[in-house]
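Student: Handing you a structure now.
Bear in mind that the values in this text are calculations on the coordinates, not laboratory data. Worth saying up front: this structure is predicted, and the values here are computed from it rather than measured. We place every Cβ from the backbone using ideal geometry, glycine too, and count neighbours over all the protein chains shown.
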Amino acid sequence: MAAHVNNHSSVASLLSWSLRSLVANFSCHANHVHALPPNIKDRLVHLMSKRGVIKDDNIGKVVHQKMRELDLSESEVSDLSLEQLSVCRNLRKIDLNAVKGNTTTVTTAGILSLVRSCNLLQVVHLRRCIEITDEAIVALSENCRQLMCLNIGGCAKITDRSLQALGQNSRMLRSINFGHTKVTDDGVISLATGKCRQCLTEVHMDGCQLLTDDAVEVIMESCPRISILIFHSCPQITDRSRVALEELSGPNSKMKQVTWTIY
């Protein structure tokens, strides 16, 4: 038994060493990577993701049709990379969050290409992709009906049109971050009273300059499962929201986290 364990450990170590070597010398072996089985490609992509070395010119070599998750948050990719994901029909999660500052290389055109092919997406992270517009989010809501988690925080071009589309189409939506966008109370009302009202558990809308207490109240009144509500740094929200939280949460409240700023 001990020999078997050591043998397995040696094989695992050899595989890890081989993958690290492949990443370090990717350009030398790029033409042969396509032949690797999906499970090995998944480990390779994970390693490349952590090192931030996935790029437009190599992503097509490592993605495959069975892939379910893809983290590009540390990598320098553009719409050209998203266009190469048409083979990833089973993709469930993609992370395009800008880790440092904003990104302008991922735009609405790239998201439109992505959602046409990957309509099983459930988790989409687009934080601080500042060239993303309402057109992208409308298409996402219309094509990816299993959407559960969406982060468009810091996407400054996003307006009420995105929240209206999500309210109309995304009945499975549980978590959304639209902080630091141009949404108004009308957009929040459309979302909170839409098809996802029974599913929503988490809403981040911090830094939204146009929101008022009406936005907080409609979420508390219409979304019975809400447990995380983040609305600090919204200058038009007043102490009225705190009172509403106290009155509407009640003794059986599911609330786990609330943040706000009183001006």
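Student: Rank LEU22, LEU82, VAL218 by how far each Cα sits towards the positive end of the charge dipole of the chain (+1 on Lys, Arg Cβ; -1 on Asp, Glu Cβ) and give me just the farthest.
Tutor: It is LEU22, whose Cα lies furthest towards the positive end.
Student: Right, something else. Summing Lys, Arg as +1 and Asp, Glu as -1, what charge do residues with Cβ under 9 Å from the Cβ of ARG240 carry, ARG240 excluded?
Tutor: -2
Student: Still on this structure, please answer the following. Could you run the Karplus curve 6.51 cos²θ - 1.76 cosθ + 1.60 with θ = phi - 60° over the range 129-134 and give me ³J(HN,Hα) per residue in whole Hz, x for Gly and Pro?
Tutor: 8, 6, 9, 6, 10, 4
Student: Report, ordered by chain and residue number, the lysines lying within cross-link reach of LYS100, taken as a straight Cα distance under 23 Å and ignoring same-chain residues fewer than 8 apart.
Tutor: Cross-link targets: LYS50, LYS55, LYS157, LYS182.
Student: A further question on this structure: Let me check I've understood the local charge: for ARG43, count other residues with C-beta under 15 angstrom from its C-beta, Lys and Arg +1, Asp and Glu -1. What total comes out?
Tutor: Result for the local shell: +4.
Student: Find, to one decimal place in angstroms, the Kirkwood hydrodynamic radius of the chain, where the mean of 1/r is taken over every pair of different Cα atoms and then inverted.
Tutor: 19.9
Student: Same structure again: Please compute the Kirkwood hydrodynamic radius of the range 122-259 from all pairs of different C-alpha atoms, in Å with one decimal.
Tutor: 14.5
Student: Right, something else. Can you give me the relative contact order of the range 122-259 as a percent, contacts being Cα pairs under 8 Å and 6 or more apart?
Tutor: 19
Student: Does anyone have the angle between helix 2-24 and the longest principal axis of the chain? Alpha-carbon axes, 0 to 90°, nearest 10?
Tutor: With rounding to tens, the tilt is 80 degrees.
Student: Counting only C-alpha contacts under 8 Å and six or more residues apart, can you give the relative contact order of the chain as a whole percent?
Tutor: Here the relative contact order equals 10 percent.
Student: Could you give the size of the charge dipole of the range 122-259 about its Cα centre, using +1 on the Cβ of each K and R and -1 on the Cβ of each D and E, expressed in debye and rounded to the nearest 20?
Tutor: That gives the range 122-259 a dipole magnitude of about 560 debye.
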